[in-house]
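The values are calculated or read from the model by the stated rules, or taken from the named source; none is laboratory data. Given the structure is predicted, the values throughout are model-derived calculations rather than measurements. Quick reminder, even Gly has a Cβ in these numbers, built from the backbone with ideal geometry, and neighbours come from all protein chains shown.
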Amino acid sequence: MKRTTENIEEQYEMFQILNENGEVVNEEAMPQLSDEELQELMRRMVYTRILDQRSIALNRQGRLGFYAPTAGQEASQLGSHFALEKEDFLLPGYRDVPQLIWHGLPLYKAFLFSKGHYVGNQMDGVNAVSPQIIIGAQITQTAGVALGMKKRGKQNVAVTYTGDGGASQGDFYEGMNFAGAYSAPAIFFVQNNRFAISVPVEKQSAAKTIAQKAVAAGIEGVQVDGMDVLAVYAATKDARERAINGEGPTLIETLTYRYGPHTMAGDDPTRYRTEEMDSEWEQKDPLVRFRKFLENKGLWSEEKENEIIENAKEEIKAAIKEADGQPKQQVTELMELMYEEGMDQNLQQQYDEYKEKESK
């Protein structure tokens, strides 16, 4: 049994295209992206890093509510999304707001989601659902969405994201097993940033990789360098093509790292991460790595990046202003949205009480 397990684990070597110095180490796997597409991918990563920095500042100012930092995970998040089509369906976790934005969610709505405003959960014209707060719940939902696409004959995929903590949930196994049994066009992303909220991945599972958990569901599994945007893109594109060709779902584990806390709600990563570990992963920064690659190809410059940074700051400033300008959310509005038909006596009494308070 031990030999069987070891043989399985050995098959899941980390897939990589760019090393930490931005050098190509896997020429055969290089995706066919134009110079313009490579630049656009970097633009999105730089923009998202600035968005993260500004969101943290806005949270500290009390202008945003719940926020989960994303710095360090840009390659995993945006490399995967770049391989998708607009008609593909996203079921994100709470850290995956950047994918929603690049999928078409207006930036001001992303801020409203953080503020807890119901308008921030209205995905008009965007093939997506609101970010899932319950860890792992989106995985079973993804299996259902993917099966629905298959039954309607759509050439699209359902894609979901969770962290390594999500892979410890029962929904993780149930969702993959269901999707595998029905050969549903789904892609399950586990962004392994090593600590879930605060528990090391080694204490969450005896398995050497999360990718190998695909074996039990009878689906494809791959472990990818989550700091290498080209590797993530290539793995996602391959998984998408196999899914729409009827070859079933894929589990993709991206080895990544969040530089900030789990959320801005009081988490202190210094209690469970060492300075040495932080420093080690900072050397693998996805933006630095991809920047070196592009500069070597003559496709990037400091001037270009500064222009993107300034543009991002202006757009973020306008978006938060628009979000702040939305009418204040009322409790009665939430109740009206929740109940399509009449409320029972107790709820109606509460509704009337809040309506009276709000009218003053």
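Worth pointing out:
Conditions (1) of a type outside the set (Asp, Glu); (2) in contact (Cβ under 8 Å) with a residue 60 or more places away in the chain; (3) on the phi > 0 side of the Ramachandran plot, marked per residue:
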| position | (1), (2), (3) |
| --- | --- |
| 210 | yes, no, no |
| 222 | yes, yes, no |
| 246 | yes, yes, yes |
| 253 | no, yes, no |
| 257 | yes, yes, no |
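- Selection count where residues are surrounded by 19 or more Cβ atoms within 10 Å (Cβ to Cβ) and over 11 Å from residue 168 (Cβ atoms), scope region 188-227: 21
- Search result, residues across region 1-28 that are out of contact with any Asp or Glu (no Cβ under 9 Å at 6 or more places or on another chain), polar (S, T, N, Q) and surrounded by 10 or more Cβ atoms within 10 Å (Cβ to Cβ): 5, 11, 21, 26
- Residue within region 122-141 that is touching a residue at least 60 places away in the same chain (Cβ under 8 Å), part of a helix (DSSP H, G or I), among the hydrophobic types (A, V, I, L, M, F, W, C) and out of contact with any Lys or Arg (no Cβ under 6 Å at 6 or more places or on another chain) present: no
- Residues in region 280-309 that are of a type in the set (Asp, Glu) and farther than 20 Å from residue 27 by Cβ were compared, and the one that is surrounded by the fewest Cβ atoms within 10 Å (Cβ to Cβ) is 303.
- The condition of being over 16 Å from the mean Cα position of the chain (by Cα) and closer than 17 Å to residue 127 by Cα holds for only one of 176, 149, that being 149.
- Listed by first and then second residue, the pairs with beta-carbon distance under 9 Å, at least 6 apart or on different chains, first residue in region 39-52 and not assigned by TED's automatic domain parsing to the domain that holds residue 110 and assigned to a helix (DSSP H, G or I), second among the polar types (S, T, N, Q) and surrounded by fewer than 22 Cβ atoms within 10 Å (Cβ to Cβ), form an empty list.
- Scanning region 64-85 turns up at least one residue that is of a type in the set (Asp, Glu), crowded, with 24+ Cβ neighbours inside 10 Å and not in a loop (DSSP other than H, G, I, E, B).
- Qualifying position, being acidic (Asp, Glu) and either at pLDDT below 95 or touching a Lys or Arg at 6+ places or on another chain (Cβ under 9 Å) (or both), among 220, 247, 174: 220
- Some residue of region 149-165 being assigned to a helix (DSSP H, G or I), within 30 Å of residue 271 (Cα to Cα) and aliphatic (A, V, I, L, M): no
- The set of residues from region 323-338 being surrounded by fewer than 15 Cβ atoms within 10 Å (Cβ to Cβ) and outside any loop (DSSP other than H, G, I, E, B) comprises 324, 331, 334, 336, 337, 338.
- The residues in region 1-36 that are within 30 Å of residue 314 (Cβ to Cβ), assigned to a helix (DSSP H, G or I) and touching a residue at least 24 places away in the same chain (Cβ under 8 Å) can be counted, and the count is 1.
- Of the criteria (1) at pLDDT 95 or above; (2) loosely packed, with under 13 Cβ neighbours inside 10 Å, which one residue 277 fails: (2)
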